[in-house]
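This report concerns only the one structure given below.
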Amino acid sequence: MENKKCIEPTKGKHESPEYMQISLAAAMALGFVPGYFYRNAIPHCINLLLTYDDGCYASCAYCGLGRDRDGMNSEKSFIRVEWPRYSLKEIIDRSKLKMDSIERFCVSMIMNKKAVDDTITVIKAIKYEMDINISVLSNPSSMEDIDIQRFKDAGADRFTVAIDCATKNIFDKHRGNGVNGQHRWEKYWEVLENARPIFGEGNIGCHLIAGLGEAEKEMLHTIQRVKDMGGTTHLFSFYQEANSLLENHPQCPANQFRRIQLARYIMDFDYAKINDMDFDEKGRVSDFGVSEDVLDRLIESGIPFQTSGCPGKDKRVACCNRPFGDSRPSDIRSYPFRLERGDVEKVRRELLV
């Protein structure tokens, strides 16, 4: 495989692949932006987002990058935080100085005709300069079947798809025909399935957002589907984005999200399957399919309630910890750090509601 040398910025252009947006947390970790992390929740994954002046062509109802949201693309928030734009060269140069804490890069596509080729260019540029793991957060609507192999050949070790919605009806409503969008449920699952033989079992993942109108049982059936395909679920709690189409949609209740987090961990790490679990008449988990001793031990560890995502050195804990990406620090949904005694006690109280 021939890697491409790190590209130099093109004069007058501030678009990908020469420039990338990075999460505010990554910008702080790399010293672009001053600040400190609450409870030392330093990110161990540098999240990169492709950026273009004409933005993302999609119109997902909950997304801050949607074409229907007011503002220039480079000024829009995403997952409720700013994503400042820097040259890829400077991002790489600064990352080289932080290799004691950085374990992974994630290159995130948007819906744009340039996205596939630019993603490959960015992966090659990073791999030329650094020996580090790289994930691709793909946009299936922009891709051809051959592109999955191209990402792998460029140097990515993990492949993920942000299906986000637990059911076809919710997907169509918020990402497809319901918002005049181009995304199709069947295409997203097809791409995830096709990635398995290329990236290998355990090296594919699916983003899912809890709280878009699904029952817990529906969400967990989808998580089991991902698991059966050889993947893992990267779980988010819905958190309203200002001026998006779902800015007034209620946030996922804490007790609902805690049950989904716990069940997700139980399924992804082979403690039980969904067929071992029971649900009440409203589709809420009433039995997690494991013994009381095992359940108590998992809750006490706190690990199921930490951010789920691409792993780092510890395969059971995400290095992509996305600090406070789906909640405020005062009411944490996905913990970006190891839980302390008070955190576990709070989680136990929420599970009982």
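The values are calculated or read from the model by the stated rules, or taken from the named source; none is laboratory data. Keep in mind it's a predicted model, so treat the numbers as computed, not measured. Counting neighbours? That spans all protein chains shown, and the Cβs are built from the backbone with ideal geometry, glycine included. Protein only, heavy atoms only, side chains kept; ligands, DNA and RNA dropped before computing areas. Shrake-Rupley method; radii C 1.70, N 1.55, O 1.52, S 1.80 Å.
Reported count of residues in region 244-282, each being in a helix (DSSP H, G or I) and of a type in the set (A, V, I, L, M, F, W, C), is 8. Scanning region 88-107 for residues that are over 21 Å from SER138 (Cα atoms) and assigned to a loop (DSSP other than H, G, I, E, B), we see that the one that is least open to solvent (accessible area, probe 1.4 Å) is ILE102.
Pairing each residue of region 334-353 that is closer than 22 Å to TYR239 by Cα with any residue that is loosely packed, with under 12 Cβ neighbours inside 10 Å, provided the two are 6+ apart or on different chains, yields C-beta distances under 7 Å for PHE337/ASN40. Exactly one residue among ILE123, ILE198, ILE170, ILE132 is open to solvent by less than 30 Å² (accessible area, probe 1.4 Å) and either over 22 Å from HIS44 (Cβ atoms) or among the acidic types (Asp, Glu) (or both), and that residue is ILE170. Taken as a whole, the structure leaves ARG297 outside the set of residues that are over 20 Å from ALA162 (Cα atoms), assigned to a helix (DSSP H, G or I), over 25 Å from the mean Cα position of the chain (by Cα) and touching a residue at least 24 places away in the same chain (Cβ under 8 Å). Within region 249-268, take every residue that is among the polar types (S, T, N, Q) and farther than 19 Å from ASP296 by Cβ and give me the one that is least open to solvent (accessible area, probe 1.4 Å). Restricting to residues being among the polar types (S, T, N, Q) and farther than 19 Å from ASP296 by Cβ, the top hit is GLN256.
Beta carbons closer than 6 Å, at least 6 apart along the sequence or on distinct chains, pair a first residue in region 177-190 that is closer than 10 Å to ILE163 by Cβ with a second that is open to solvent by less than 100 Å² (accessible area, probe 1.4 Å) and outside any helix (DSSP H, G or I) for HIS183/GLY176; TYR188/VAL161; TYR188/ILE163.
Taken together, HIS207, HIS221, HIS234 contain a single residue that is surrounded by fewer than 19 Cβ atoms within 10 Å (Cβ to Cβ) and either part of a strand (DSSP E or B) or at pLDDT below 95 (or both), which is HIS207.
Within region 191-204, the set of residues being touching a residue at least 24 places away in the same chain (Cβ under 8 Å) and assigned to a helix (DSSP H, G or I) comprises VAL191, LEU192, GLU193, ASN194, ALA195, ARG196, ILE198, PHE199. Select from region 221-243 the residues that are within 16 Å of TRP189 (Cα to Cα) and out of contact with any Gly (no Cβ under 6 Å at 6 or more places or on another chain) and list them in ascending order. HIS221, THR222, ILE223, GLN224, ARG225, VAL226, LYS227, ASP228, MET229, GLY230, THR233 - these are the residues of region 221-243 that are within 16 Å of TRP189 (Cα to Cα) and out of contact with any Gly (no Cβ under 6 Å at 6 or more places or on another chain). Per the conditions (1) crowded, with 22+ Cβ neighbours inside 10 Å; (2) modelled with pLDDT under 95, the sole criterion not satisfied by LEU246 is (1). Could you tell me whether region 141-149 includes any residue that is out of contact with any Cys (no Cβ under 7 Å at 6 or more places or on another chain), surrounded by 17 or more Cβ atoms within 10 Å (Cβ to Cβ), modelled with pLDDT of 95 or more and not in a helix (DSSP H, G or I)? For region 141-149, residues out of contact with any Cys (no Cβ under 7 Å at 6 or more places or on another chain), surrounded by 17 or more Cβ atoms within 10 Å (Cβ to Cβ), modelled with pLDDT of 95 or more and not in a helix (DSSP H, G or I): present.
Taking first residues from region 164-175 that are part of a helix (DSSP H, G or I) and partners that are hydroxyl-bearing (Ser, Thr, Tyr), the Cβ contacts under 9 Å between residues at least 6 apart in sequence or on separate chains come to PHE171/TYR188; HIS174/TYR62; ARG175/SER59; ARG175/TYR62; ARG175/TYR188. Taking the listed residues SER330, SER291, SER308, the one that is touching a residue at least 40 places away in the same chain (Cβ under 8 Å) and at negative phi is SER308, with no other qualifying. Within the set ASP314, ASP293, ASP331, the sole residue that is within 22 Å of PHE159 (Cα to Cα), loosely packed, with under 12 Cβ neighbours inside 10 Å and out of contact with any strand residue (DSSP E or B) (no Cβ under 8 Å at 6 or more places or on another chain) turns out to be ASP314. In region 300-311, the residue that is most open to solvent (accessible area, probe 1.4 Å) out of those that are of a type outside the set (Val, Ile, Thr) and either farther than 18 Å from ALA254 by Cα or part of a helix (DSSP H, G or I) (or both) is GLU300.
Against the definition (at positive phi and at pLDDT below 95), how does GLY12 come out, yes or no? Yes, satisfied.
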